[in-house]
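> Mind looking over this structure? Questions follow.
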Amino acid sequence: MGDRLPSRRCPLPWLALLVLMGLEMLRCEHPDCRDRREDPSCLDSLVAMPPESGCEGALGCRLHFLGPEEQAPPEEVRETPQEPQQEFKQTLKQAGGDGSAKQQSTRSKNVGDRLAVAEAGLLALSARLQRLQDESRLNLSRVEERLNSLVVLLLGILSGCELPCNESVLRLSLLESRRFKTLETKEELQLGLKGVRPVGTPVESSEKSDRSFPRDCAEIHKQGIRENGIYTIQPIPQKQPFEAYCDMTTDGGGWTVFQRRQDGSVDFNRTWQEYKHGFGSLHGEHWLGNENLHSLTRVGQHVLRIELEDWYGVKRHAVYKKFKVASEQNKYRLTSREYQGNAGNALSYSRNYNHDHKHFTTADSDNDNYQTGNCGTYYGAGWWFDSCLAANLNGKYHKGRYIGLTDGIYWGTWYILTDKGTKQKYSFKKVEMKTRILHP
């Protein structure tokens, strides 16, 4: 920054001030600055520090030059001895005479011209800065308008509004695994890529009382989305949204997948809290979480679809038209009734092996009907055990045949369960459990 204007208590003679400013101008006319007038190091020499008062606006303080006729010094300053100044004037007069006075006038005129050029440059700089500031405001306004339009469009997609948008916009907003993070105001949203998040992790939202996301995968399917993938859903407006894998192609689409087994990469022998909140990866093997299951099935009638595939490539399915998972207070009790399909009704196999209306059990929370032990500990899984099982899709992942305890992925009505000759048992290669609302 440039030098500050002299204080009124210690004024410099106007001629000395002009000389100082002329030297400052000479510094700005240095060859290094002549061709780089917009360089910050050169512009600093043209800017004066603002005075203590009398400035209005961002560019209201300009450089002022005080001539001898503009302002008289205060009384206390005039009474101050001025011996150095008097000796300086006398020396100039004796040494130069009339010629010196003329030379001094020429020098003053040159300095004045340079100061005028400097002031003109400063005014031009101020005007340029003002233009840049105006252009910045205009560009910012245009960006805000575009962002607001995009936000309105995407919110319309998520809320089910019928807006003119094409498939590419839908894929950009939902199918490419992108999510919204709602900020403190409704007009500003921050868009970020979805990473690999723990299953069941809530998506942050500041508007807990209003639904900001689709209720489930079926609602997303109604909006015309037909691509399988990970989406953000919010079954209950008062609770935070979470991410789930949506099957948009099987049997009409709109299925929210809550369990998947495919390669044995995830251990399903977990605690009560882990089954409550979910575990695994939505891209692979996972359990969505009992709490999320309760939120999904709490209101309306829901359908359960189970898909099974063995190591011979045989695929079958079981559908239950009445499916519900109760709250934690009711130990996530299962409701699975009105069976349809070709895999057999293993969830209601017999009177003593009936998983319908049974509580959820894990190794650290025994809620089954087995009086002398814990089925979760015995079979190494969390499930709706009876005493103990005719089905257990959360069992250990055995690659085909295995021997010993029937602790694999088990479905008691499958066409082949054991080899009577070798006593070997069979576990499944792939299992998927998913749900969809039937009636709102």
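The values are calculated or read from the model by the stated rules, or taken from the named source; none is laboratory data. Worth saying up front: this structure is predicted, and the values here are computed from it rather than measured. Accessible surface areas use protein heavy atoms only, side chains included; no ligands, DNA or RNA. Shrake-Rupley method; radii C 1.70, N 1.55, O 1.52, S 1.80 Å.
> Tell me, what HN-Hα J-couplings in whole Hz come from the Karplus equation 6.51 cos²θ - 1.76 cosθ + 1.60 at θ = phi - 60° for each residue of the range 314-319, using x for Gly and Pro?
Values, residue by residue: 7, 10, 9, 9, 9, 10 Hz.
> Okay, moving on. To the nearest 10 Å², what's residue 131's accessible area with a 1.4 Å probe?
Roughly 130 Å² of residue 131 is accessible to a 1.4 Å probe.
> Sequence gap at least 6, Cα distance under 8 Å: using those rules, report the relative contact order of the range 298-351 to the nearest whole percent. Please list the in-between numbers first.
On the way: 87 pairs, mean separation 16.7, N = 54.
Taking the mean separation of contacting Cα pairs over the length of the range 298-351, I get 31 percent.
> Applying the Karplus parametrisation 6.51 cos²θ - 1.76 cosθ + 1.60 with θ = phi - 60° to the phi angles of the range 389-395, what ³J(HN,Hα) value in whole Hz is obtained for each residue in order, glycine and proline being reported as x?
The phi angles translate into 7, 10, 8, 7, 7, 9, x Hz.
> Counting alpha carbon pairs within less than 8 Å and at least 6 residues apart, what relative contact order, in whole percent, applies to the range 227-336? Don't skip to the answer; put the middle values down first.
Working: 175 pairs, mean separation 18.4, N = 110.
Reported as a whole number, the value is 17 percent.
> Under 5 Å between amide H atoms, partner at least 5 residues away or on a different chain: which partners does residue 382 have, H built in plane at 1.01 Å?
Correct list: 270.
> Which whole-Hz ³J(HN,Hα) couplings does the range 283-296 yield from phi under the Karplus relation 6.51 cos²θ - 1.76 cosθ + 1.60, θ = phi - 60°, glycine and proline marked x?
In residue order, the calculated couplings are 7, x, 6, 6, 10, 5, x, 5, 5, 5, 5, 5, 4, 5 Hz.
> Between residue 424 and residues 5 or more places away or on another chain, which pairs have amide H atoms under 5 Å apart, with H built 1.01 Å from N, and which residues are they?
So residue 424 has HN proximity to 419.
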